[in-house]
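Down below is the structure, laid out as structure tokens.
Since every read-out is calculated from the coordinates, none of them should be taken as a lab result. A quick note: this is a predicted structure, and the numbers were derived from the prediction, not measured.
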Amino acid sequence: MAKIVTVFRSRLRPQASGAYHDAAPRMEELARTIPGFEGIKTFEADDGERLSVVTFATLEAHERWRDHPEHRAAQRRGRDEFYACYDITVAEVLHERHFARDDVRLPPPG
């Protein structure tokens, strides 16, 4: 079974910022309950583009998250209220490589 990485690029609608920031922590909390969830990191560029990288241990775990009823409702709300645009890319990890000096480590995902 291969690790699955979802790359979610988005821009919020200006009027959605407050409501989005109120709802987003619940979605992350919910994702963390899915067996096989490995982590999430979200970044925001100076121009307002957001990037979230979400990792699951298996495709089945990713699908449980994608199809969770509360997440489906949040997806609809995102299209209706929060996002001006978004792109989602779901990929299977073919190869990973890690490097760390003795005194420097990346924290675990998420």
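Enumerate the amide H contacts of Arg13 below 5 Å, restricted to partners 5 or more residues apart or on another chain; note that Pro and chain-start residues carry no placed amide H.
Tyr83, Ala84
Can you give the helix-only mean residue ellipticity at 222 nm for the chain, where every DSSP H stretch with n ≥ 4 adds -39500 (n - 2.57) and the sum goes over all residues, rounded to the nearest 500 deg cm²/dmol?
Using -39500 (n - 2.57) per qualifying helix, the result is -9500 deg cm²/dmol.
Using a/c under 1.5 as the rounded threshold, could you call the range 4-92 rounded, prolate or oblate? The axes a ≥ b ≥ c are square roots of the C-alpha gyration tensor eigenvalues, and prolate needs a/b larger than b/c, oblate otherwise.
Prolate, since a/c reaches 1.5 and a/b exceeds b/c.
May I ask you to evaluate 6.51 cos²θ - 1.76 cosθ + 1.60, the Karplus curve with θ = phi - 60°, for each residue of the range 77-90 and list the ³J(HN,Hα) values in order in whole Hz, giving x for glycine and proline?
4, x, 5, 6, 10, 8, 9, 7, 6, 7, 10, 10, 10, 10
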